[in-house]
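K.L.:
I have a structure here, written as structure tokens, and I will follow up with some questions on it.
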Amino acid sequence: MPTSMPSCDLLVHGPLTGEENMAVDARMLEAAVAGQATLRTYQWVEPTVSLGHFQVTTSAEIPERFANLAVVKRLSGGGAILHDEELTYSIALPKAHPLCSTPSRIYNEVHECIIELLLDEGITSHLRGDAAFAEKPFLCFGRGDERDIVIGDHKIVGSAQRRRQGAVLQHGSILLAQSEYAPEFPGIRELTQKVLDPSEFASKLRATIFKRLFIDDATPELN
């Protein structure tokens, strides 16, 4: 591995609570500031709403339909995400990583990995691109960034970042299926009639992102 490329830890564990998941990602960003990259995929023990870092947090401003769900604050920005029938990834890169000189490139690199993996499953998707729109509803999946991954007109992957001292933490949500709490957003299952196994897809995603963003694939996964 070239000396300019930092090493990367791969984190794998079972579903956690919202507070636990966000605590792990906070530690990842701290480690990235100190020079260590980390890549992680994860799920949640219960349906949870994660609010973007710059979103309001008063209960009066959270839709009533989410009143009985767990709510947590993310480090990354963007709209709220309902973590239910989905798979979450996070990646933290230190300032030394080449992509951190242009953080927007991290979106493209990771999203291209996801598009590639979906194609391997027989699922055609693409970046939203010029079809982006400016409306900012409460939920992330109602927003339309040019870097979203879509199937047809439907968003199935959205990501957001937090930057600190040159390091970058990026979160992303892959909508595997429609949630009963947000039925207006069909997932991959409804749009393609394909059911992706979360654990298998997560393993492939970690390997694909790692290969694309790092050189040495000998780093062991940590449980």
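K.L.:
Between 52, 77, which is under 17 Å from residue 169 (Cα atoms), at pLDDT below 95, touching a Gly at 6+ places or on another chain (Cβ under 6 Å) and surrounded by fewer than 17 Cβ atoms within 10 Å (Cβ to Cβ)?
P.N.:
Of the residues listed, the single one that is under 17 Å from residue 169 (Cα atoms), at pLDDT below 95, touching a Gly at 6+ places or on another chain (Cβ under 6 Å) and surrounded by fewer than 17 Cβ atoms within 10 Å (Cβ to Cβ) is 77.
K.L.:
Could you please find all residues in region 147-156 being open to solvent by less than 20 Å² (accessible area, probe 1.4 Å) and outside any strand (DSSP E or B)?
P.N.:
148
K.L.:
Follow-up question, since we're still on this one. Could you check how many residues of region 116-145 are assigned to a loop (DSSP other than H, G, I, E, B), out of contact with any Leu (no Cβ under 7 Å at 6 or more places or on another chain) and either within 26 Å of residue 75 (Cβ to Cβ) or open to solvent by 20 Å² or more (accessible area, probe 1.4 Å) (or both)?
P.N.:
Looking only at region 116-145, we keep the residues that are assigned to a loop (DSSP other than H, G, I, E, B), and these are 121-125, 128, 132, 134-138, 143, 145.
In the following step, the residues that additionally are out of contact with any Leu (no Cβ under 7 Å at 6 or more places or on another chain) were identified as 122-124, 128, 132, 134-138, 143, 145.
Narrowing further to those that are either within 26 Å of residue 75 (Cβ to Cβ) or open to solvent by 20 Å² or more (accessible area, probe 1.4 Å) (or both): 122, 124, 128, 132, 134-138, 143, 145.
So the answer is 11.
K.L.:
For region 66-104, name all the residues that are closer than 20 Å to residue 147 by Cβ and of a type in the set (Gly, Ala, Ser).
P.N.:
76, 77, 78, 79, 80, 90, 92, 101, 104
K.L.:
Another one. Just checking, does region 157-175 include any residue being over 29 Å from residue 38 (Cβ atoms) and open to solvent by less than 30 Å² (accessible area, probe 1.4 Å)?
P.N.:
no
K.L.:
Kindly indicate whether residue 110 is touching a Gly at 6+ places or on another chain (Cβ under 8 Å), closer than 17 Å to residue 205 by Cα and either open to solvent by 10 Å² or more (accessible area, probe 1.4 Å) or part of a helix (DSSP H, G or I) (or both). Walk me through it before giving the result.
P.N.:
Numbers: touching a Gly at 6+ places or on another chain (Cβ under 8 Å): yes; closer than 17 Å to residue 205 by Cα: yes; either open to solvent by 10 Å² or more (accessible area, probe 1.4 Å) or part of a helix (DSSP H, G or I) (or both): yes.
In short, yes.
K.L.:
Can you confirm whether residue 182 is open to solvent by less than 30 Å² (accessible area, probe 1.4 Å) and either closer than 20 Å to residue 66 by Cα or basic (Lys, Arg) (or both)?
P.N.:
Details: open to solvent by less than 30 Å² (accessible area, probe 1.4 Å): yes; either closer than 20 Å to residue 66 by Cα or basic (Lys, Arg) (or both): yes.
Spelling it out, residue 182 is indeed open to solvent by less than 30 Å² (accessible area, probe 1.4 Å) and either closer than 20 Å to residue 66 by Cα or basic (Lys, Arg) (or both).
K.L.:
Taking region 22-50, which residues are assigned to a helix (DSSP H, G or I), in contact (Cβ under 8 Å) with a residue 12 or more places away in the chain and in contact with a Lys or Arg (Cβ under 9 Å, 6 or more places away or on another chain)?
P.N.:
Across region 22-50, the qualifying residues are 22, 24, 25, 28, 29, 32, 33.
The values are calculated or read from the model by the stated rules, or taken from the named source; none is laboratory data. It should be emphasised that the depicted structure is a prediction, and the values quoted were computed from it without experimental measurement. Cβ coordinates were reconstructed from backbone atoms using ideal geometry, including for glycine residues, and neighbour counts include every protein chain displayed. All accessible areas refer to the heavy atoms of the entire protein, side chains included, with ligands and DNA or RNA removed. Shrake-Rupley method; radii C 1.70, N 1.55, O 1.52, S 1.80 Å.
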